[in-house]
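A short worksheet on the structure shown next.
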Amino acid sequence: MNKTVKRVLALMLALVLMVSVFAACGDNNTGSSSESSSSSEESSSSESSSESEESSQEEGQEPTETGAWEAPSIESDDYDELSDYYYDFNLGEFYDFYKDATQEVDDVDKRYALEALSEAKLLESAVMFPTYNDGNRYVFGRIAPGSTTTNGWGADDGRYKYAIVTNEVIKTADRDELKKMLNELRGTGTYHEEAKKFLTEKGYTFKDSYNITFDTNPTTWDAMASSRAGDVDPVINCIDSLLFYDGENTEVPCLAESYDVSKDGLTYTFHIRKGMKWADSQGREIADIVADDWVAGLQHVCDSGSGLGELFIGVIANIQPYLEGEDTDFSKVGIKAVDDYTLEYTLEKKVHYFTSMLHYGISLPLCRSYYTSQGGKFGEDYNTEDESYQYGIDPDHIAYSGPFLITNFTENNSINYKANPLYWDAANVTLKELSRTFNDGSDSTKAYQDLKAGVIDQSGLNTSTIELAKEEKMEGSDKTIMEEYAYVTSSSAASYSSFMNFNRAIWNNSRAENEAVSPQSEEDAARTHVAMNNLHFRRAVVTSLDRKTWNEQTVGEDVAELCLRNTYTPGTFVSMQNDVTVEINGESVTFPAGTDYGEIMQAQIDADGFDVTVYKKDPNAENGKGSGDGFDGWYNPEYAKKELELAIAELESAGVSVDESNPIQLDFPYPATSTTRTNQAQVMKQSMEETLDHKVQINLVECESNEIWYYTGYYTERGYEANYEMFDLSGWSPDFMDPCSYIDTFLPDYNGYMTKCCGVY
């Protein structure tokens, strides 16, 4: 299904509601409504010019003199034009900076610096604000450090084929020794065996299974048709990639035994291992693994509309015309099977991070013969709604090239795996079984108790279980669990954020009218819409949350600040290898070699007067220079109040009055089944409302199950389905080793995965 068709479907679902909302927002007073909440109706419409570049567009907004601001207004019944308009209004400056950054291909340091400036503009727009990373918290368990990569990109950190798992919970002191050994042996290829030797000498015994949790049921078993972690994680151990990052963070051969790069850097030739086999879920041979499987895989990624294919725009030659439906001939795309065991990629330009893109769903192989036998088709014939289409509907309808086969899936219960007897490196796979146990978070002590009982092998500690761990002991130990076994994980590349929906089009979940219903009236919704498109208002909101207290509700007081993140791309994700000079507000600024990405971001933010701190120099930080983690650089009550007063004056000039008796209402959905999430929601409401002098009202919209909560935002496919003003469930891990892997997610025109969280595309 090409992009134009998808856009028309979006328009058909949202048109009537969008027209009514935008018409209301043009007026100051819409009259009081007797309805308790805004309705969401479905309608259909014929296609208008969805590709038009001539719609009523304005430049991205800048902070203006008080009272000079005008509320955005557009008369259109086309969803694409509405999305384009509101994107430009709120994110236009970021996109201009982004385009300048990503045009730089020869000077990597210059590219990184320009990307940092563009991300600064993204953060300044306040359409989102970072909250935490999923590292820096208390954990205890049985898996040894160095069992999987700690590289932040791709999916190899979730591949467990060479994991070292012990029957006994690993002591903190022994874990520290292993980490020291890992750092000393990194890059030698010898750590794995040395770690096993060390653990044996310490009295540990090894198991050939690894048991972890999952919290949401997969919506598909097709790893190339989704970019959601909840869909990819359960399958990633079943499908291998060309290359693999081992526990020492070294990129090593996997399904490809080697590769060559042309002198101009535009052609990558991979040599596929011979003799490898595709298997079905029973371990029976299906076909040989050949180079054409990657050609089929990439075409399927593009056809599926998952958004993964867009990551290759500007990278693989001629992929953009195919993705956008301008050219239906996939043979023109820069990937081909030269013969059964030679795969060739042709790039549009030199891409320094290209091989790092080959560890995720965008570059997985697909057994063409099996896929077509399950009703799968390619190109314009692709149609998952066809009765014959069976691929990915369950674990029995996929082909396996990885070390594990899925033997059972029970919804809201378990996923079980066994070793694939046809796997090319079966002799070296350390595990014979994997399992995932369902945990929706409703019982905050379940994972802790399950680890103690041996049901799972890794568990984090939360506010409830930290206290237990300070009192309880493992059998045979004289010390408490906290003293003997708990450790704090390293920072993670996964960044979690809260998102601001400036183009809301629905006030209850799209799949059921009685789910997550907003308490706002139509008049409330119209006023909120205008406010959410005011830069000062959004800045007031995003700087009004005490994030440390908010985070304490889930991870506990000890590490609540430690795992806070102040940027989208981690501030230390890349650093400058050479001196680099860029312009900041018309002035040339030189950053010396060794400067972190986050420091350059902070320089632009400071120059623009956005009063948040996203990066601090700190000789005690992990990289010895500084970090964007471990402190709350966004909570700034004084600044929030100033921004709100500017916003109120501008909104007044646009006909929207705001005071304590007539506050702007913002809906925030949360899962009532989770005690910790409920507590977090209460902290958010209290912190924001008190900081903003109750001129902003946070409506906590109770979701009776995790599934209902997911459908307010996480499960949404398009911006018009986003049922909130603020939402904090989604996070992002990089797909490859470049900051654009993060900031790409806020691109316009259906090319950015996270823009839908803000209500557009």
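The values are calculated or read from the model by the stated rules, or taken from the named source; none is laboratory data. Since the model is a prediction, treat every value here as computed from it, not as a measurement. Don't worry about glycine lacking a Cβ; one is built from the backbone with ideal geometry, like all the others, and counts go over all protein chains shown.
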(request) Please verify whether the stretch 200-211 includes one or more residues that are within 28 Å of the chain's Cα centre (by Cα) and within 19 Å of Asp425 (Cα to Cα). (result) yes
(request) State all residues of the stretch 89-124 that are in contact (Cβ under 8 Å) with a residue 60 or more places away in the chain and in contact with a Gly (Cβ under 8 Å, 6 or more places away or on another chain); if no residue qualifies, say none. (result) Phe89, Asn90, Leu91, Phe94, Tyr95, Thr102, Ala116
(request) Look at the stretch 334-359 and say how many of its residues are within 21 Å of Ile289 (Cα to Cα) and assigned to a loop (DSSP other than H, G, I, E, B). (result) 5
(request) Name the single residue, out of those in the stretch 424-444 being closer than 25 Å to Gly189 by Cα and without any contact (Cβ under 8 Å) to a residue 40 or more places away in the chain, that is farthest from the chain's Cα centre (by Cα). (result) Ala427
(request) Check Val530 against each of (1) surrounded by 18 or more Cβ atoms within 10 Å (Cβ to Cβ); (2) assigned by TED's automatic domain parsing to the domain that holds Thr676; (3) under 26 Å from the mean Cα position of the chain (by Cα) and name the one condition it does not meet. (result) (3)
(message) Taking the condition of being assigned to a loop (DSSP other than H, G, I, E, B) and surrounded by 23 or more Cβ atoms within 10 Å (Cβ to Cβ), how many residues in the stretch 649-697 meet it?
(response) 2
(message) Being surrounded by 17 or more Cβ atoms within 10 Å (Cβ to Cβ) and over 28 Å from the mean Cα position of the chain (by Cα) is the filter here; which residues of the stretch 316-335 pass it?
(response) Phe330
(request) Please go through the stretch 579-598 and pick out each residue that is under 29 Å from Glu643 (Cβ atoms) and either out of contact with any strand residue (DSSP E or B) (no Cβ under 8 Å at 6 or more places or on another chain) or free of Cβ contacts under 8 Å to residues at least 60 places away in the same chain (or both). (result) Glu583, Ile584, Asn585, Gly586, Glu587, Val589, Asp596
(request) Please work out if Lys377 is within 30 Å of Ser741 (Cα to Cα), surrounded by fewer than 18 Cβ atoms within 10 Å (Cβ to Cβ) and free of Cβ contacts under 8 Å to residues at least 40 places away in the same chain. (result) yes
(request) Check the stretch 65-76 and report whether any residue there is of a type in the set (Ser, Thr, Tyr), within 24 Å of the chain's Cα centre (by Cα) and either at pLDDT 95 or above or at negative phi (or both). (result) no
(request) Please enumerate the residues belonging to the stretch 256-304 that are in contact with a helix residue (DSSP H, G or I) (Cβ under 6 Å, 6 or more places away or on another chain) and small (Gly, Ala, Ser). (result) Ser281, Ala287, Ala296
(message) Can you find, within the stretch 715-751, the residue that is surrounded by the fewest Cβ atoms within 10 Å (Cβ to Cβ) among those that are touching a Ser or Thr at 6+ places or on another chain (Cβ under 9 Å) and without any contact (Cβ under 8 Å) to a residue 40 or more places away in the chain?
(response) Leu729
(message) Of everything in the stretch 78-88, what is assigned to a helix (DSSP H, G or I) and more than 14 Å from Phe746 (Cα to Cα)? Give them in sequence order.
(response) Tyr79, Asp80, Glu81, Leu82, Tyr85
(request) Go through the stretch 611-622 residue by residue and tally those that are assigned to a loop (DSSP other than H, G, I, E, B) and either surrounded by fewer than 21 Cβ atoms within 10 Å (Cβ to Cβ) or in the same structural domain as Asp109 (by TED's automatic domain parsing) (or both). (result) 7
(request) Considering only the stretch 500-527, state which residues are surrounded by fewer than 22 Cβ atoms within 10 Å (Cβ to Cβ) and either within 21 Å of Val656 (Cα to Cα) or out of contact with any Ser or Thr (no Cβ under 9 Å at 6 or more places or on another chain) (or both). (result) Arg511, Ala512, Asn514, Pro519, Ser521, Glu522, Glu523
(request) Take Ser730 and decide whether it is closer than 30 Å to Ser575 by Cβ, modelled with pLDDT under 95 and either of a type in the set (S, T, N, Q) or not assigned by TED's automatic domain parsing to the domain that holds Ser227 (or both). (result) yes
(request) State whether the residues of the stretch 64-72 include one that is free of Cβ contacts under 8 Å to residues at least 40 places away in the same chain and of a type in the set (D, E, K, R). (result) yes
(request) Select from the stretch 712-761 the residues that are part of a helix (DSSP H, G or I) and of a type in the set (S, T, N, Q) and list them in ascending order. (result) Thr712, Ser741, Thr745, Thr755
(request) For Leu461, indicate whether it is over 30 Å from Leu646 (Cα atoms) and either over 23 Å from the mean Cα position of the chain (by Cα) or crowded, with 24+ Cβ neighbours inside 10 Å (or both). (result) yes
(message) Among the residues of the stretch 627-648, what is the count of those that are touching a Pro at 6+ places or on another chain (Cβ under 8 Å) and part of a helix (DSSP H, G or I)?
(response) 1
(request) Evaluate the following for Glu523: is it outside any loop (DSSP other than H, G, I, E, B), not aliphatic (A, V, I, L, M) and not assigned by TED's automatic domain parsing to the domain that holds Thr675? (result) no
(request) Say whether the condition of being over 24 Å from Met737 (Cβ atoms) and not in a loop (DSSP other than H, G, I, E, B) is met by at least one residue in the stretch 313-324. (result) yes
(request) Check Thr572, Thr567 and return the single one that is of a type outside the set (A, V, I, L, M, F, W, C), within 19 Å of Met754 (Cα to Cα) and part of a loop (DSSP other than H, G, I, E, B). (result) Thr567
(message) With the condition being assigned by TED's automatic domain parsing to the domain that holds Ile415, surrounded by fewer than 17 Cβ atoms within 10 Å (Cβ to Cβ) and among the acidic types (Asp, Glu), I'd like the helices (runs of 4 or more DSSP H) fully within the stretch 140-251 carrying at least 2 qualifying residues.
(response) 172-185, 191-201
